[in-house]
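Visitor: The following block contains the structure, expressed as C-alpha cells.
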Amino acid sequence: MAKPKLVVFDLDYTLWPQHVDCTVDPPLRKDKNGNIFDADGQAVKPFPEVPRLLEKLRQDGYQIGAASRTDSPPVANQLIKLLDWDKYFDYREIYPGCKVTHFNKFKKDSGIQFKDMMFFDDEMRNIRDISKLGVTAVYVTHTGMTMKLFDEGLAEWRRKNEN
C-alpha cells in the first residue's frame, strides 16, 4: 500500500510530555538504569508508545523528521541524544519560528513534496498552517503520540492520496 515518504513529529507534548524550554531544567543526565533527569531531579521521558512507534517506522522504511519551535534547541537535541533517537531522525528542524519554515526546509533538503508528508503536532495553529501546504497534518491530544493515532493519520493520508 502507498505510504508517505516523510513522517514529521513535533516534539513537546507530541513525543514527550514536557516543554523543554519551560519545564525542563538543563543540563540533562542519564543514570546507569537509562532514566533521564533534569538538573532538579525531575524525570524526563517520552510518551509510552513513542519508542516502539519510532522503531516500527524505521523498520518499515519511513523517513522521519522532527520539527520543533522550541526556544531551547540544545536541550531538545540533548534529550533526543539521551533517548538514543538520533538513529531515527533523518531530518531535524529544531529552532524558534514558524513550522512553515521548517517544512519548506524539509522539502528543500529531502526533495519530498508536501503531499508525500505526514505531520503530527499538539498545537492546532501548526496543524492549520501545515495543512495549507498540502501536508496531511494530524492533531495530537494531551495523551501524546500513539500507534493508533499514527494508523489513523496514515488512513487519512491514504484517503487524500487515492488518485
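Visitor: Filter segment 49-72 for residues that are basic (Lys, Arg) and under 14 Å from the mean Cα position of the chain (by Cα); which is farthest from Val140 (Cα to Cα)?
Guide: Once the filter is applied, the top-ranked residue is Arg58.
Visitor: Six or more apart or on different chains, Cβ atoms under 8 Å: show the pairs whose first residue is in segment 1-27 and closer than 19 Å to Met118 by Cβ and whose second is outside any loop (DSSP other than H, G, I, E, B) and among the acidic types (Asp, Glu).
Guide: Partner pairs satisfying both residue conditions: Pro4/Asp116; Lys5/Asp116; Leu6/Asp116; Phe9/Asp121; Asp10/Asp121; Thr14/Asp121.
Visitor: Inspect all residues belonging to segment 71-89 and state whether any of them is touching a residue at least 24 places away in the same chain (Cβ under 8 Å) and under 15 Å from Glu123 (Cβ atoms).
Guide: yes
Visitor: While we're looking at this one, here's another question. Among the numbered criteria (1) under 13 Å from the mean Cα position of the chain (by Cα); (2) at pLDDT below 95; (3) of a type in the set (A, V, I, L, M, F, W, C), which single criterion is violated by Cys98?
Guide: (1)
Visitor: Of all the residues that make up segment 120-163, how many are without any contact (Cβ under 8 Å) to a residue 24 or more places away in the chain and among the small types (Gly, Ala, Ser)?
Guide: Final tally of qualifying residues: 4.
Visitor: Could you say which residue among Glu152, Glu162 is more than 22 Å from Val24 (Cα to Cα), at pLDDT 95 or above and either part of a loop (DSSP other than H, G, I, E, B) or of a type outside the set (Ser, Thr, Tyr) (or both)?
Guide: Of the residues listed, the single one that is more than 22 Å from Val24 (Cα to Cα), at pLDDT 95 or above and either part of a loop (DSSP other than H, G, I, E, B) or of a type outside the set (Ser, Thr, Tyr) (or both) is Glu152.
Visitor: Let me ask something else. Looking at segment 30-41, which of its residues are without any contact (Cβ under 8 Å) to a residue 40 or more places away in the chain and surrounded by 13 or more Cβ atoms within 10 Å (Cβ to Cβ)?
Guide: Phe37, Asp38 - these are the residues of segment 30-41 that are without any contact (Cβ under 8 Å) to a residue 40 or more places away in the chain and surrounded by 13 or more Cβ atoms within 10 Å (Cβ to Cβ).
Visitor: If you don't mind, there's one more thing I want to ask. Would you mind finding the one in Val75, Val20, Val8 that is part of a loop (DSSP other than H, G, I, E, B) and either of a type in the set (Val, Ile, Thr) or within 12 Å of the chain's Cα centre (by Cα) (or both)?
Guide: The match here is Val20.
Visitor: For segment 139-163, name all the residues that are over 17 Å from Tyr62 (Cα atoms) and within 13 Å of the chain's Cα centre (by Cα).
Guide: Result: Tyr139, Val140, Gly144.
Visitor: Continuing with this model, one more query. Quick check on my filter: what residues within segment 1-29 are among the acidic types (Asp, Glu) and surrounded by 17 or more Cβ atoms within 10 Å (Cβ to Cβ)?
Guide: Selection gives Asp10, Asp12, Asp21.
Visitor: State the number of residues belonging to segment 109-149 that are in a loop (DSSP other than H, G, I, E, B) and more than 19 Å from Asp12 (Cα to Cα).
Guide: Of the residues in that region, 7 qualify.
Visitor: Quick one: in segment 128-152, which of the residues that are over 19 Å from Ile112 (Cα atoms) and touching a strand residue (DSSP E or B) at 6+ places or on another chain (Cβ under 9 Å) is surrounded by the most Cβ atoms within 10 Å (Cβ to Cβ)?
Guide: Out of the qualifying residues, it is Met145.
Visitor: In this structure, does Pro96 turn out to be touching a residue at least 40 places away in the same chain (Cβ under 8 Å), out of contact with any strand residue (DSSP E or B) (no Cβ under 7 Å at 6 or more places or on another chain) and either crowded, with 21+ Cβ neighbours inside 10 Å or of a type outside the set (A, V, I, L, M) (or both)?
Guide: No.
The values are calculated or read from the model by the stated rules, or taken from the named source; none is laboratory data. Predicted model, so just to flag it, every value in this text is computed and none were measured. Positions of Cβ are generated from backbone atoms using ideal geometry, with glycine treated the same way; all protein chains shown enter the neighbour counts.
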